[in-house]
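Structure first, commentary second.
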Amino acid sequence: MKTNFIIMGCLFFSPLALAGQDTLHYADFINEMYKESDMIKAKALELESELLRAKQTDLYFMPKVSAESKYKSDASRGDITDSKITASSLI
């Protein structure tokens, strides 16, 4: 009988003893899963390589310049040269 009480006591108190140990909260579990995920590690390395590639690239732009000149002859005003210069650029 005494043995049964000891066994019952051990069975009753052992889950309570385990409940007092550190438990893993849901947020900690999710963070740990993110750290251990190979797909997330691969994507992070891919983003890091893209950033390094972007830092190594120097972009230059040159404006598009066009010049146009038209020669006109007018009897009342004489000879006229109409000149036009345009510059445009895309960034």
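None of the figures in this text is laboratory data; all of them are computed from the coordinates on show. These figures come from a predicted structure and were not determined experimentally. Neighbour counts run over all protein chains shown; Cβ positions are idealised from the backbone, glycine included.
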Tally, over the stretch 38-84, of residues that are more than 18 Å from the chain's Cα centre (by Cα) and of a type in the set (S, T, N, Q): 6
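Starting from residues that are in a helix (DSSP H, G or I) and small (Gly, Ala, Ser), keep the ones in the stretch 24-43 and report whichever is surrounded by the most Cβ atoms within 10 Å (Cβ to Cβ).
Here the residue is Ala42.
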Residue pairs, Cβ under 9 Å, 6 or more apart or interchain, first in the stretch 52-74 and aliphatic (A, V, I, L, M), second part of a strand (DSSP E or B). List them. Val65/Ile85; Val65/Thr86; Val65/Ala87; Val65/Ser88; Ala67/Ser83; Ala67/Lys84; Ala67/Ile85; Ala67/Thr86
